[in-house]
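**Student:** Before I ask anything, let me first share the structure, which is written out below as C-alpha cells.
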Amino acid sequence: MIIWINGAFGSGKTTLVTKLSRQCPDALVYDPELVGFAVREIVPVPTGDFQDLRLWRRQVASMALGLIEEYGRPLLVPMTLVEPTYLEEIFGEVRSAGIPIHHFFLRVSADTLAARIDAQTIVPDDRDRDERVRQWRRAQIQRCVAAALPQDTVVLNGETPTDVLADQVLNSVGLTPTR
C-alpha cells in the first residue's frame, strides 16, 4: 500500500509523514524528491522542474514498486504532485501493478502557505540558494492551490493539528497506529 501525502510546498506533507512514520514504524518513508535530485545531477532539466522529465516519473513509480516488492511494507510518500497527467502517469503505473494507492491532499490557504515558506530554512549553508528555493516554492502556490485532483483524493484541512491529520489518514486506510 502507498499513502501519498500531496499538497503545496509548506502544506505540512513532511511533518505529517514524520508523524505517520512514528505511528506506523513498519512503513517506509519514500521521498521522490530524492529521485529528482539524482536525475538532475545526471541530465539537464530544461524547464527547471525535474517532474517535467519522463525519466523522473518512470523512476518514481519504479522505485515505489521496487520498495514494495522487496520489502513488503507500506510506503509513506510526501510529494507535491499537481500536474494531472504526471499524477495519473505515476499512479496508473502503480495501480496497474495491483498496488493500492491512497492519495491525500493537504489544503492550505495561499496566505498560510506563503507565511510557512517564508519561515522555512531550506538550504541552511547557502543563503542565496535558500532564497531562490523559497522564491520557486512561493511561485508554485497558486498552481498548487488550484490543482485539479483525481476524484478519489481525500482532501484534508492542512491547517488541522498534525496528530488529528495522522489519525484521519490512518483511519481512512484502515491502519491502527502504534502509540
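**Student:** Hey, among the residues in region 140-166 that are without any contact (Cβ under 8 Å) to a residue 12 or more places away in the chain and over 18 Å from H103 (Cβ atoms), which one's least open to solvent (accessible area, probe 1.4 Å)?
**Tutor:** Selected residue: V164.
Condition check ((1) closer than 21 Å to V155 by Cβ; (2) open to solvent by 60 Å² or more (accessible area, probe 1.4 Å); (3) not in a helix (DSSP H, G or I)) across all residues:
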site: V39; (1), (2), (3): no, no, no
site: P44; (1), (2), (3): no, yes, yes
site: M63; (1), (2), (3): no, yes, no
site: V77; (1), (2), (3): yes, no, yes
site: R95; (1), (2), (3): yes, yes, no
site: L106; (1), (2), (3): yes, no, yes
site: R116; (1), (2), (3): yes, yes, no
site: D130; (1), (2), (3): no, no, no
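**Student:** Among the numbered conditions (1) farther than 19 Å from E93 by Cα; (2) hydrophobic (A, V, I, L, M, F, W, C); (3) buried (at least 20 other Cβ atoms within 10 Å of the Cβ), tell me where W56 comes up short.
**Tutor:** Failing condition for W56: (1).
**Student:** Does E88 satisfy the criteria of being free of Cβ contacts under 8 Å to residues at least 60 places away in the same chain and either under 24 Å from V154 (Cα atoms) or surrounded by fewer than 16 Cβ atoms within 10 Å (Cβ to Cβ) (or both)?
**Tutor:** Answer is no for this residue.
**Student:** Being open to solvent by 20 Å² or more (accessible area, probe 1.4 Å) and part of a helix (DSSP H, G or I) is the filter here, so list the residues in region 15-34 that pass it.
**Tutor:** T15, T18, K19, S21, R22, E33, L34
The values are calculated or read from the model by the stated rules, or taken from the named source; none is laboratory data. Since we're looking at a predicted model, the values are computed, not measured. Counting neighbours? That spans all protein chains shown, and the Cβs are built from the backbone with ideal geometry, glycine included. For the accessible areas, the whole protein counts, side chains as well, though only heavy atoms, and no ligand, DNA or RNA atoms are used. Shrake-Rupley method; radii C 1.70, N 1.55, O 1.52, S 1.80 Å.
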